[in-house]
Structures are given as C-alpha cells and as structure tokens.
1. Within the range 241-249, can one find any residue that is surrounded by 15 or more Cβ atoms within 10 Å (Cβ to Cβ), touching a Ser or Thr at 6+ places or on another chain (Cβ under 8 Å) and at pLDDT 95 or above?
2. Assuming GLY456 fulfils every condition listed in (1) surrounded by 17 or more Cβ atoms within 10 Å (Cβ to Cβ); (2) under 30 Å from ARG188 (Cα atoms) apart from one, which condition is it?
3. Please work out if VAL40 is crowded, with 17+ Cβ neighbours inside 10 Å, outside any helix (DSSP H, G or I) and modelled with pLDDT of 95 or more.
4. Can you tell me which residue among ASP359, ASP310, ASP322, ASP330 is exposed (fewer than 15 other Cβ atoms within 10 Å of the Cβ), over 24 Å from ARG412 (Cα atoms) and in contact with a His (Cβ under 7 Å, 6 or more places away or on another chain)?
5. Only residues in the range 257-281 that are modelled with pLDDT under 95 count as the first member; pair them with residues that are assigned to a helix (DSSP H, G or I) and buried (at least 19 other Cβ atoms within 10 Å of the Cβ), Cβ under 6 angstrom, at least 6 apart or cross-chain, and list the lot.
6. Scan the range 199-209 and give yes if some residue there is among the β-branched types (Val, Ile, Thr) and buried (at least 17 other Cβ atoms within 10 Å of the Cβ), otherwise no.
7. Would you check if ARG222 is modelled with pLDDT under 95 and not in a helix (DSSP H, G or I)?
8. If I filter the range 386-395 for residues that are part of a helix (DSSP H, G or I), aromatic (Phe, Trp, Tyr) and in contact with a Leu (Cβ under 7 Å, 6 or more places away or on another chain), do I get at least one hit?
Amino acid sequence: MRFLPALALGFSVLSTTTVHAEGTAACAAEAAILAFSDAVLADREKLPRLKARGFGAEAGYLKIRYGGLSMDDAATLAHGLRDAGVRDAIDLAGAIDATRGGYDALKVSDPVEFNGLISTLRAILQAGDEEKLFTAIAGLPPERRTSLLGSIVPAVVDWPDEEKAKLAASAGRHKLFYVQAGLAATQRDPNAWPVFVAGFADQSMIPDLTRMWSWAPALVGRPALPRIPLPDAGMQAQQKSLHTVTVAAAQEPERDFLMTYVNQTGSIPPAEKAAQAVMADIEAGRIKSGGLLNTAWLTAYRVLRENEADPTVVDGTLESIDVHMRAVGDVSVRDVIDRVIAIDTLTPYLTGKSADLPDMPKDISAKFQGKWPLWTELAALLKSSPLAPFAKDEVKAPIVAELLFAAGDIARLADFVLTVEPPEMKLALATDFAMRLDRTCASYTHHPAEALMLSGQPIFRFDPAK
C-alpha cells in the first residue's frame, strides 16, 4: 500500500538509449529519491534471501526513472532483480523488454505467463503488438484467459478514445469480446457504448457484457451503463449512488476504502456523501489524483462518520479492513486513519505555522490515544535534539521519519532514514519514502484509477515522452 501521512497519450517510440527523468528538474526531492533507491538496491543483499525478495523492484524503477539510466543499464538492473526472485521485478523487467522490443522480446511460450503483469501488458500494447498478444490469448482455452483479460482495460485506461477504439477492434477480430466491450465502456465519448452495441454481431451477448462492464465508465468519470433490463426506480437510484462512490474511488490517489466499506455494510447514502466530498476536494485541487492519499482518506472518514446513523459502525468496520503499509506492515484502515489524523494535527507545529504543540485530536481512536504523547514528544524533540539515538529504535524511528516528512525536511529525512537499523526497517522506510517523494515530483508510480483497479500493486510505466 502507498501509505502516506504528511501522508491523451501519444504512441511515439520511447528512446531506446536513455530513460529520461523528464519533468523532474525542479524537484527538490530528486536527490533523496535516488539516495533511498540506491540504499535499497545496495543493502537488500544484507538481508536473508527470503526477506531480500521483498525489496528492490520499486527502488529499481525509481532509480531508472530519476537516474536517467540507459535502457541497456535499466534492463541489466531489472533482469538482476527478476533473477533474484524480487517481488514484482518480473513485471519491471517485462515492461522494459517490451518497451525495447515488443512482444517478441519477451520470448514467452505461454501468454498465461503475463497474468498479473500489468506493466508488461501495457508496454506490449504501447509497442503496437496487440495483434500478437491477442492472437496468443485467443489460442488459450476460455478458462485460462480470464485473469489475463482482466488486466487489459486497467493497463490502458488512460489511453485516448481513438486508441482504445483501435484496440477494441483488434480484440473483436480475435473474438475477445469481454475486452472489446470493456474498451468501449471506458471511452470518454458517451456515444462509444451505443455505437459498440449497435454494431455488435451477437446481440444475445449484450445483456451479459453490459452487466459485466456497467460500472466501468466510472474509470473515466462517466455515468454507469444502463442495465438490461432496466431496474425499478428505487434500484436505479441506489445504483446511481453506488456509482458515485465508484467514480470517487477511481479518482482517488493510491488506495480507497469506501468501496470496501459499502460492500461490508451495505450503507450506501453515507458513503455517497463521503465520495461527493472527496470529489469536491479533487475538483478544488486539495486532493491530487497523482499525489498521496492523506487528504482523501481524512475527508472520506470524517464525512462518512458525520453521515452514518451510528458512527461507531464506521470505526468498527474500518478496524476490520486490513491493509498493508510498506513502513509498518499489516494494519487496519482505522490504524492508517489514526496516523493520518495525527500527522494532520501536528503539521502546523512541525512546519512552524504554530509555536505550540496541539491538543490531542478528538477523532483519533482509543487505541491511538495512548500513543499520542509519544508523537508529541518526538515532534518537540525534532526541533532541539539529535536524531541519531532514534534510528535504532523500532518504535520511534518510523514516527520520526513520518514527522520529518510532514515537516517537509527532506534532507534530514534522508539522513535519518539512511542510518536506521535494523536493515529491514531501513529498506522498508527507504522504499516507502522514495515512493511518497516521487508523488511530490514526477509521480512515475501513479496510474489513473489506481485506487480502484490496482489496490496497491505497483505499475512500471515507460511511456513515450510527451
């Protein structure tokens, strides 16, 4: 998960010689991103082999993007990580290979090998090799296609309509109708779906295709497809409200919890209010889709709680939803929100906008109330004490790093994280903050509709320079 506390595409060929760090010249965090990435790549070898496999892909990607590595060097780095069994490195290596040489460069004997490799699939399609990919998929038995086909639409959700239409036509020629329909449903032109339906040869399939993709226009901020048969007025209103939640989830940065909340509670109206508030913040620029999730989650939580008949239902449900945070491991959504609230409350003090430490916020959980004194103590010490003693403390080190990030003190953050022990914590923090800092810079780790479609899965994009 990308935890955070403060937390129209062309098809020209990407340079095959160098991966440019375009758009990062004015980024103050670039040096820290590279320092963190270098540390992860160098120090992962100090961990036992199984633990070492959990680190390196994201750091390698950011090293490639911000370090301006040649494509040869990028491939060497990615292949080394892949061969070491590093999590997600197979997708990084695949994306680089496909960017350089298209489908044939991947040398796969079975396209099922692409299951879950959204970056590799995107690079194949960016290379213009959809015919080769679809031919290979079409040759699979239907039961072996399902997972693979489900990654196509998310991989290219940001493509312009004309390119989606061409890709849809290719999918249709290979009788991959699920993909064809999904690409029609996620075009921004409201006429794309009616045109697809009118021209589809087997009209008996349309109700099923509509049902499967009725929600998908949310990925590009459009209303849901009309259901077949049309439900009664009450059900239509409920579906419209649920679609609002889906649209907000598609626009949020990093991760979403509102959809899971609705699925667990069935409480749609309060979730719709929260979704509307999130979208208002996005439109006002207070939330950036390519940024961090802090503001989105704080807004969603507070509005959800204000509108739920029994606010304790919100806290109890969110406590039951598990998420994985790079810096602290598996926790609940409610735990994450506590940290977001704490950082939001302390930020004015940390940034010098307030001279006084704040009182304990009223909306932190009972579980976090016992931790609040430590957070305020460390916030005060940040301004007057050396940080080195905290670097070896497994409880205090992650909090100090959060506070430095919130303060915007990137140089001290980098210096501190790079001295943290044990090595596993150091690499977790370095990876986490490299990715967070990226989202204050070029946001290479962002992908449209990521909160809804990727659920924390990294994507490694090597798109043509615009």
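The values are calculated or read from the model by the stated rules, or taken from the named source; none is laboratory data. Just so it is clear, the structure is predicted and the values come from calculations on it, not from any experiment. Reconstructed Cβ throughout: ideal geometry from the backbone, glycine too, with neighbour counts over all protein chains shown.
1. Step one: of the range 241-249, the residues surrounded by 15 or more Cβ atoms within 10 Å (Cβ to Cβ) are 241-249.
Subsequent filtering for residues that are touching a Ser or Thr at 6+ places or on another chain (Cβ under 8 Å) retains none.
No, there is no match, as no residue in the range 241-249 is surrounded by 15 or more Cβ atoms within 10 Å (Cβ to Cβ), touching a Ser or Thr at 6+ places or on another chain (Cβ under 8 Å) and at pLDDT 95 or above.
2. Among (1) surrounded by 17 or more Cβ atoms within 10 Å (Cβ to Cβ); (2) under 30 Å from ARG188 (Cα atoms), the lone unmet condition for GLY456 is (1).
3. Answer is no for this residue.
4. On the way: ASP359 fails: in contact with a His (Cβ under 7 Å, 6 or more places away or on another chain); ASP310 fails: in contact with a His (Cβ under 7 Å, 6 or more places away or on another chain); ASP322 fails: in contact with a His (Cβ under 7 Å, 6 or more places away or on another chain).
Within the list ASP359, ASP310, ASP322, ASP330, the selection yields ASP330.
5. Final answer for the pair search is none.
6. no
7. Numbers: modelled with pLDDT under 95: no; not in a helix (DSSP H, G or I): yes.
Considered against the rule, which asks whether it is modelled with pLDDT under 95 and not in a helix (DSSP H, G or I), ARG222 comes out as no.
8. Residues of the range 386-395 that are part of a helix (DSSP H, G or I), as a first pass: 388-392.
If we keep only those that are aromatic (Phe, Trp, Tyr) as well, we get 390.
Narrowing further to those that are in contact with a Leu (Cβ under 7 Å, 6 or more places away or on another chain): none.
No, the range 386-395 contains no residue that is part of a helix (DSSP H, G or I), aromatic (Phe, Trp, Tyr) and in contact with a Leu (Cβ under 7 Å, 6 or more places away or on another chain).
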